[in-house]
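Peer 1: Before anything else, here's the structure in question.
What follows is calculated from the coordinates using simple rules that are stated; it is not laboratory data. Remember, predicted model here, so these are calculated numbers, not experimental data. For neighbour counting, all protein chains shown are included, and Cβ atoms are generated from backbone atoms with ideal geometry for every residue, glycine included.
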Amino acid sequence: MILSGKAVAAEIEEELKKRVDALGFTPGLDIVMVGDDPASRTYVEKKLNKAGDIGIRGRLHHLSETTTEEELLSLVSKLNSDNSVHGFIVQMPLPKQINSLKIISAIDARKDADGLHPLNLGNLAQGSPATASATPKGIMRLIDYYKIPVAGAEAVVVGRSNMVGKPISYLLTNRNATVTLCHSKTKNLAEHTRRADILIVAVGSPYLIKSDMVKGGANIIDVGTTKLGAKMVGDVDFDTVSRKANVSPVPGGVGPLTVIMLMENLVELAERAKAEPQAPAPARRRKKQP
Ligand code: NAP
């Protein structure tokens, strides 16, 4: 079976349109992009287009490649205090002169549409309510859509990034899977992947997972995306692996879900802001004049 993400994403999109209508105001998603990375440009365009389709006001802040950390921190601070912005993301990767973790930590966790702030990642690890990052959330939706059993399953995650590998390992653990997290220093990767009932691959290495590395009937989610010439390919050797296991295709698997889950995060943040309007920053006390 092919674990396509398109139908799931289309269903979620229709639900989100209704939730946006019910808000009674237009939610705002801002996207900060630094530099001109062509892949980032494509992702940002997709996100802004999808926001428009759903009734979300999308706004791009496109900064030059030479932007300093201070300049970016100043924009983050402005967006944190702008009430028309219900959530925002800083598109990764950032240029070398900017410390990504410092920028992510400066985002108000209540506006962290990408779910990358340490508070959100920490809450997710604890199994507490949190804004989860879009790709892992999308993977769980795909798993649930195809009714793949999670509790008690052997789940193997390849890749340990803060954006995909770690959060998906938390989400699977919270749903009672037995999770193994592999990375570039893992010895005998195939020994781990062969045990997997659920295999999540988020590396960015084309065709890393071959047919002899997976169990027959396994459910495999291919997160990797690499451009080879004009073609976008995943981390799984789809043609051979899909003969013995269920695999999500690239493109058309996790990609559409990532975009729609970002929109779901934004709608959730807007709903929360409506339910609990943010307290204004405490007024500064004036010094008493002598
Ligand atoms: P990342 O930050 O570069 O992390 C890659 C991970 O893969 C690292 O943990 C690395 O290990 C591990 N790794 C590298 N070579 C390996 C090997 N030979 N065996 C096992 N593990 C290996 O990447 P990311 O941001 O998580 O993204 C991963 C891929 O997913 C990329 O292709 C990206 O474009 C794609 N992606 C797609 C979507 C989508 O919507 N479709 C969304 C997000 C990401 P170390 O930690 O030891 O270095």
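Peer 1: What is the extension gain from ALA151 to LYS6, computed as 0.36 nm multiplied by their sequence separation minus the C-alpha to C-alpha distance, in nm to one decimal?
Peer 2: Additional length available on full extension: 49.7 nm.
Peer 1: Also, I was wondering about something else. Starting with the highest mean, order 102-109, 244-251 by the number of other Cβ atoms within 10 Å, averaged over the residues of each peptide.
Peer 2: 244-251, 102-109
Peer 1: Put a dot 7 Å past each Cα toward the Cβ at ASN188 and LEU60; how far apart are the dots in nm?
Peer 2: 4.9 nm
Peer 1: Taking the square root of 5 times each eigenvalue of the Cα gyration tensor, what semi-axes in Å does the equivalent ellipsoid of region 134-255 have, largest first?
Peer 2: Equivalent-ellipsoid dimensions as semi-axes: 19, 16, 15 Å.
Peer 1: Would you please report the Å³ per residue occupied by the convex hull of the alpha carbon atoms in region 22-108?
Peer 2: Values: hull volume 7.2 nm³, N = 87.
Cα convex hull per residue, to the nearest whole number: 83 Å³.
Peer 1: Round to the nearest 0.05 the FRET efficiency obtained for THR178 and ALA125 when R0 = 22 Å and r is the Cβ-Cβ distance. Spell out each step's value before the answer.
Peer 2: Numbers: r = 17 Å, r/R0 = 0.76.
The calculated FRET efficiency here is 0.85.
Peer 1: Just how many % of Cα pairs in the chain lie over 30 Å apart, if you round to the nearest whole percent?
Peer 2: Value for the chain: 33 percent of Cα pairs lie more than 30 Å apart.
Peer 1: Hey, in the GNM for the chain with a 10 angstrom Cα cutoff, which one of GLY253, GLY216, GLY159 fluctuates hardest?
Peer 2: Highest fluctuation of the listed residues: GLY216.
Peer 1: If amide hydrogens are placed 1.01 Å from N in the peptide plane, which non-local residues have theirs closer than 5 Å to the one on THR180?
Peer 2: Residues meeting the amide H criterion: ALA155, VAL156, VAL157.
Peer 1: Still on this structure, please answer the following. Please give the helix 6-23 orientation as an angle from the longest Cα principal axis of the chain, in degrees from 0 to 90, rounded to the nearest 10.
Peer 2: Rounded to the nearest ten degrees, it is 20.
Peer 1: Let me ask something else about it. When DSSP assigns beta bridges and you keep just the ones with both residues in the chain, what percent turn out antiparallel, to the nearest 5?
Peer 2: 10 percent
Peer 1: Quick one: dipole size for region 22-108, taken about the Cα centre, charges +1 on Lys/Arg Cβ and -1 on Asp/Glu Cβ, in debye to the nearest 20.
Peer 2: Details: 9 positive and 11 negative charges, 54 e Å.
Result for region 22-108 is approximately 260 debye, rounded to the nearest 20.
Peer 1: Taking N as the number of residues in region 1-146, what is its alpha-carbon radius of gyration divided by 2.2 N^0.38 Å?
Peer 2: Computed over Cα atoms of region 1-146, the ratio equals 1.09.
Peer 1: Still on this structure, I have one more. Check cross-link reach from LYS274 to the aspartates and glutamates: straight Cα distance under 17 Å, and skip same-chain residues fewer than eight apart.
Peer 2: Within the straight-line cut-off, LYS274 pairs with ASP21, ASP82, ASP108, ASP112, GLU264.
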